[in-house]
Structures are given as C-alpha cells and as structure tokens.
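Trainee: Sharing a structure with you now.
The values are calculated or read from the model by the stated rules, or taken from the named source; none is laboratory data. Here the structure is a predicted model, which means the values were calculated and not measured. Note that we place each Cβ from the backbone using ideal geometry, even for glycine, and neighbour counts take in every protein chain shown.
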Amino acid sequence: MSEKYKIREKDHAYFLTMTIVGWIDLFTRPNHKLLIVNALKYCQQNKGLELYAYCIMPSHLHLIAKAVGEDTLSEIIRDFKKYTSKRIIEQIYEYPESRRDWIIDYFKQAAEKIKRNKNYKVWQDGNHPEDIFSSKFFYEKLDYIHENPVKELIVEHPEDYLFSSARNYSDLDSYLDIVIESRRLISYK
C-alpha cells in the first residue's frame, strides 16, 4: 500500500473509498445496502464514527468521516469491514441470490491469495484515505460522492438516490444521520 494513502491524523476527517473485491456489484440488493447502513449506524452510535457524507454504490462505498471516540478511524473501518464481510456472506446464503455460486467462488478465490487464514475475502485491502485538508477539497469530494449515482445513470438527481447523503444535504429523509459540514470539520495543514 502506498505511504501516501494512510490515516495519520486522529482528529482529521478523511475521504474514504471501500471496494468489493473484483468490483462485484454486490450492493444492488436492498438487504446488502441496508446491512451497510445498519453497520454504519452501529459505528456512529458505539464506536465514535462521525459521518459528513456517504454513498453506497453497487460495488463500493464512499465516506467522508472521522473518529471522535476512543477508536481511531482505521480501527473503526477495520471492524466495520470485518463485521460486514461476515454478514454479507451469511446474507448471500440466506437470501435469494441468482449469482450465489459465482460470488461465493470469487470470494473464496480472493481469500486463497492472502496469508491470513480466511475462507472468504469480500473487501479489497485498504480504503484509499485522503485527508480533508481544506474547504475546497471537502466540497470537491462531497460533489464527487453525490454525483456518483448520477454519473452511473442510477438516478437523475443526486438527492433522488436513497443511499446517499445528498438527501441529508437537501433536507430530505435519509437512512443515516450525518453531520452537515461545518468549519470545525476542516483540518488545515
């Protein structure tokens, strides 16, 4: 992993991208998207995750977040990925999934390439953190996150996508509560 992309500052917000191995479009099913929402809520309520923006895309997840509790952002994301990996595998077996065998085989093959004793690998390593170092950079990343579903032709307008903080910024009902950007978020270098 590049030295450039590491979470170094505990009190800084970061733009993060977490991707499913092979860019598999796993988050097309409501149960998987709601699993991610509920896991993020848990991290907010119990682990000190503060969210400023999010978007659950078919194969990946974008966040602008920071840690405000005892756990570091790296620890929160590690635990989030570990928990959601297990639950995603369970859901693939529990719920109807036409691609079940193919997805499970892919996750098994991905796990064979790593040294840790794991049966499945769901998330790619890393989360490509980028330190939010200015208001301008924050808004660039915020626009990028919110425009993602529009660029992918999922919705016409960012606020139409149910699994995005664009709804929060448009004062619409949303699955997750977030902290609307304020100057206290921005960490200047």
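Trainee: Hey, can you tell me all the residues within the stretch 49-80 that are over 28 Å from PRO30 (Cβ atoms), among the hydroxyl-bearing types (Ser, Thr, Tyr) and outside any loop (DSSP other than H, G, I, E, B)?
Mentor: SER74
Trainee: Right, next: Does ASN117 satisfy being modelled with pLDDT under 95 and under 21 Å from VAL37 (Cβ atoms)?
Mentor: no
Trainee: Another one. Restricting attention to the stretch 110-120, does a residue exist that is of a type outside the set (A, V, I, L, M), over 25 Å from CYS43 (Cα atoms) and either part of a helix (DSSP H, G or I) or touching a Cys at 6+ places or on another chain (Cβ under 9 Å) (or both)?
Mentor: Checked against the condition, which is being of a type outside the set (A, V, I, L, M), over 25 Å from CYS43 (Cα atoms) and either part of a helix (DSSP H, G or I) or touching a Cys at 6+ places or on another chain (Cβ under 9 Å) (or both), the stretch 110-120 yields at least one hit.
Trainee: Still on this structure: If we keep just the residues of the stretch 125-160 that are in contact with a strand residue (DSSP E or B) (Cβ under 7 Å, 6 or more places away or on another chain) and part of a loop (DSSP other than H, G, I, E, B), which is surrounded by the fewest Cβ atoms within 10 Å (Cβ to Cβ)?
Mentor: HIS128
Trainee: Quick check, is ALA65 modelled with pLDDT under 95, crowded, with 21+ Cβ neighbours inside 10 Å and in contact with a helix residue (DSSP H, G or I) (Cβ under 9 Å, 6 or more places away or on another chain)? Working first, answer last.
Mentor: Working: modelled with pLDDT under 95: no; crowded, with 21+ Cβ neighbours inside 10 Å: yes; in contact with a helix residue (DSSP H, G or I) (Cβ under 9 Å, 6 or more places away or on another chain): yes.
Against the criterion (modelled with pLDDT under 95, crowded, with 21+ Cβ neighbours inside 10 Å and in contact with a helix residue (DSSP H, G or I) (Cβ under 9 Å, 6 or more places away or on another chain)), ALA65 does not qualify.
Trainee: Now a separate question. Determine, yes or no, whether GLU97 is of a type outside the set (Lys, Arg) and crowded, with 17+ Cβ neighbours inside 10 Å. Spell out the reasoning first.
Mentor: Working: of a type outside the set (Lys, Arg): yes; crowded, with 17+ Cβ neighbours inside 10 Å: yes.
Against the criterion (of a type outside the set (Lys, Arg) and crowded, with 17+ Cβ neighbours inside 10 Å), GLU97 qualifies.
Trainee: Test HIS32 against the stated conditions and say whether it is over 16 Å from the mean Cα position of the chain (by Cα), crowded, with 18+ Cβ neighbours inside 10 Å and not hydrophobic (A, V, I, L, M, F, W, C).
Mentor: Criteria not met by HIS32.
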